[in-house]
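**Q** The structure under discussion is supplied below as structure tokens; questions concerning it will follow.
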């Protein structure tokens, strides 16, 4: 399995549940398309739930960064939820962990949007 | 493999098409070989990711998905180490001119982290420009004594 994305609405926050692998090809392009669609709909609060992401490569990291930039430039906020140890380690190695607002609890994450 | 099994030397060589499917196959081959050699789970993940990044470099940036260019893959295990060589037939690049992905100005770039991650996951990384054109990456991982 590459990647599966499901978007749901919690109040005014769009939560994208990501399952599978975010790697070069289908995985990273699906994430890109999903984020761009939300931005196109003027959605400003996006929470990316990566709890079921088993694997992410440098292209996947690039897509997270690209998504962050796209949403921020549109005046919105992109936050991350439920990072596995592997994904957290990758973001720390690449010094991106502090760039993103990372949460472990969905309700708390939803409330943190301004 | 049981925890205390002796590692078995093994060599695998392939010539891959320049496709993303080849990236998956190479990752599986290297991880499988490392697993049979007794590498631990955490190291298997690092080896798999490093090989994946090296293959993506070869297929995407080196050979640019060309149907006329191959990626040469060779992996060998033995004496507590795994060595993987991945060579493309592209035009090569100057490793000294690769931007530092950790530099503040580069942190939000969407690409340029592949070689950095390979170096993070493997103990030794050699990048060599081939006389025939292209780049050969040699990745070495030593078995940890966990």
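**Q** Confirm whether residue A:88 is within 14 Å of another protein chain (Cβ to nearest Cβ) and at positive phi.
**A** Answer is no for this residue.
**Q** Kindly indicate whether residue B:96 is more than 14 Å from chain A (Cβ to nearest Cβ), within 29 Å of residue A:64 (Cα to Cα) and at pLDDT below 95.
**A** Spelling it out, residue B:96 is indeed more than 14 Å from chain A (Cβ to nearest Cβ), within 29 Å of residue A:64 (Cα to Cα) and at pLDDT below 95.
**Q** Checking the condition surrounded by 14 or more Cβ atoms within 10 Å (Cβ to Cβ) and in contact (Cβ under 8 Å) with a residue 60 or more places away in the chain, which residue from B:71, B:56, B:51 passes?
**A** From the options B:71, B:56, B:51, the qualifying one is B:51.
**Q** Given the criteria without any contact (Cβ under 8 Å) to a residue 24 or more places away in the chain, within 17 Å of the chain's Cα centre (by Cα), more than 14 Å from chain A (Cβ to nearest Cβ) and surrounded by 13 or more Cβ atoms within 10 Å (Cβ to Cβ), does residue B:119 qualify?
**A** no
**Q** Do we find that residue A:40 is surrounded by fewer than 18 Cβ atoms within 10 Å (Cβ to Cβ) and in contact with a helix residue (DSSP H, G or I) (Cβ under 7 Å, 6 or more places away or on another chain) in this structure?
**A** For residue A:40, the condition - surrounded by fewer than 18 Cβ atoms within 10 Å (Cβ to Cβ) and in contact with a helix residue (DSSP H, G or I) (Cβ under 7 Å, 6 or more places away or on another chain) - is not met.
**Q** Looking at the range A:37-57, can you tell me whether even one residue there is free of Cβ contacts under 8 Å to residues at least 40 places away in the same chain, within 14 Å of another protein chain (Cβ to nearest Cβ) and in a helix (DSSP H, G or I)?
**A** Taking every residue of the range A:37-57 in turn, none turns out to be free of Cβ contacts under 8 Å to residues at least 40 places away in the same chain, within 14 Å of another protein chain (Cβ to nearest Cβ) and in a helix (DSSP H, G or I).
**Q** Within the range A:16-31, identify whether any single residue is surrounded by 21 or more Cβ atoms within 10 Å (Cβ to Cβ) and in a loop (DSSP other than H, G, I, E, B), and answer yes or no.
**A** Within the range A:16-31, one or more residues are surrounded by 21 or more Cβ atoms within 10 Å (Cβ to Cβ) and in a loop (DSSP other than H, G, I, E, B).
**Q** Go through the range A:93-105 and count every residue that is away from chain B (no Cβ under 14 Å) and either modelled with pLDDT under 95 or surrounded by 17 or more Cβ atoms within 10 Å (Cβ to Cβ) (or both).
**A** Final tally of qualifying residues: 2.
**Q** Could you tell me which of the residues B:111, B:144 is at the interface with chain A (Cβ under 10 Å from one of its Cβ atoms) and at pLDDT below 95?
**A** Result: B:111 is the single residue among B:111, B:144 that is at the interface with chain A (Cβ under 10 Å from one of its Cβ atoms) and at pLDDT below 95.
**Q** Does the range B:33-51 contain at least one residue that is part of a strand (DSSP E or B) and at positive phi?
**A** So far as the range B:33-51 goes, no, none of its residues is part of a strand (DSSP E or B) and at positive phi.
**Q** Would you mind telling me which numbered condition in (1) out of contact with any strand residue (DSSP E or B) (no Cβ under 7 Å at 6 or more places or on another chain); (2) part of a helix (DSSP H, G or I); (3) closer than 21 Å to residue B:122 by Cα residue B:105 fails?
**A** It is condition (3) that residue B:105 fails.
**Q** Another one. Go over the candidates A:90, A:48, A:81, A:64 one by one and state the one that is buried (at least 22 other Cβ atoms within 10 Å of the Cβ) and over 15 Å from residue A:18 (Cα atoms).
**A** Just one listed residue meets the conditions, A:90.
**Q** Next up: Can you name the residue in the range A:1-32 that is within 30 Å of residue B:18 (Cα to Cα) and within 12 Å of the chain's Cα centre (by Cα) and is also modelled with the lowest pLDDT among such residues?
**A** Step by step, filter the range A:1-32, then rank; the result is A:28.
The values are calculated or read from the model by the stated rules, or taken from the named source; none is laboratory data. If you're wondering where the values come from, they're calculated on a predicted model, not measured in any experiment. As a convention, Cβ positions derive from the backbone with ideal geometry for all residues, glycine included, and neighbour counts pool all protein chains shown.
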